[in-house]
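Report on the structure given below.
The values are calculated or read from the model by the stated rules, or taken from the named source; none is laboratory data. Because the structure is predicted, anything quoted here is derived from the model rather than measured. Don't worry about glycine lacking a Cβ; one is built from the backbone with ideal geometry, like all the others, and counts go over all protein chains shown. To get the accessible areas, we keep the full protein, side chains included, count just its heavy atoms, and leave off ligands, DNA and RNA. Shrake-Rupley method; radii C 1.70, N 1.55, O 1.52, S 1.80 Å.
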Amino acid sequence: EAGVTQSPTHLIKTRGQQATLRCSPISGHTSVYWYQQALGLGLQFLLWYDEGEERNRGNFPPRFSGRQFPNYSSELNVNALELEDSALYLCASSLTAGVVEQFFGPGTRLTVL
Amino acid sequence: SQELEQSPQSLIVQEGKNLTINCTSSKTLYGLYWYKQKYGEGLIFLMMLQKGGEEKSHEKITAKLDEKKQQSSLHITASQPSHAGIYLCGAQGADTGFQKLVFGTGTRLLVSP
């Protein structure tokens, strides 16, 4: 069974640009979570999607947004990139909204120059 | 808001030695997760604990949750180089939303031959 996959592996952007990160959950999983792991800040919850809807949001500005598609894959968009957005972005999935165990993907490393 | 404190922040042990990593919560935990991360990579799920006093083992790793559900420990017996990495505890609390994991800052483990 394939795990959570993320693309791209690495992404380099400049300040002010937009970044799009993609995540495919484990087959059959309906919930997708996004986390940011910035240097010195630890792993922080960003967004949770389930059944195509945004269910919960962490303490991040509105320029961090995303969506979940009918096939449950998800996209994270970061607009107006700032240097401090440089981080490893991890996606996780769980079987349903009621199942708490989350499985993580390998991450996308975003570098903002 | 719920916070998790891990100790020690880093640890160097000789191969074959035992070690313990602690995770303390500011509030009662609904669920406590242990993950392992190799530098810059995704998280590998190790164990989940939910009940006070619960203890789980997998291979040479044992995790415990105290009766009050505010502290967890991860114990590795006879450490091996393959145990090296960053160990993260993650938790769900009643005030964070059960689907949102809050993470500790991690413990970096190095195992010397």
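Observations on the structure shown:
- Summed buried accessible area for B+A [probe radius 1.4 Å, Å², rounded to 100]: 1500 Å²
- Volume of the convex hull of the stretch A:1-45 (Cα atoms only), normalised per residue: 110 Å³.
- Extent of the stretch A:23-94 along its three principal axes (Cα atoms, max minus min coordinate, largest first): 35, 21, 17 Å.
- Solvent-accessible area of B:Glu41 with every protein chain in place, 1.4 Å probe, in Å² to the nearest 10: 100 Å²
- Karplus 3J(HN,Hα) series, Hz, for the stretch B:41-50 with 6.51 cos²θ - 1.76 cosθ + 1.60 (x for Gly, Pro): 10, x, 9, 9, 5, 9, 7, 10, 10, 10
- Cβ-Cβ FRET estimate between B:Gln50 and A:Ile12, R0 fixed at 41 Å, reported to 0.05: 0.50
- Anisotropy class of the stretch A:60-113 from Cα gyration tensor, a/c 1.5 cut: prolate
- Of the peptides B:21-28, B:106-113, the ranking by mean beta-carbon count within 10 Å, highest at the top, reads B:21-28, B:106-113.
- Shielding by other protein chains, B:35-47, mean Cβ within 10 Å: 4
- Overall form of the stretch B:1-106 per C-alpha gyration tensor (a/c, 1.5; a/b vs b/c): prolate
- Sequence-distant residues sharing a close amide H with A:His29 (under 5 Å, placed H): none
- Listed pairs B:Lys38/B:Lys64; B:Lys27/B:Lys69; B:Lys27/B:Lys100; B:Lys36/B:Lys60; B:Lys38/B:Lys100 exceeding 18 Å between Cα atoms: B:Lys38/B:Lys64; B:Lys38/B:Lys100
- Of all accessible heavy-atom area on chain B, the percent that carbon and sulfur account for (1.4 Å): 49 percent
- Note on B:Phe103: accessible area approximately 20 square angstrom, rounded to 10, probe 1.4 Å, nucleic acids and ligands left out.
- Surface per residue (accessible, 1.4 Å probe) for the stretch A:56-113, Å²: 42 Å²
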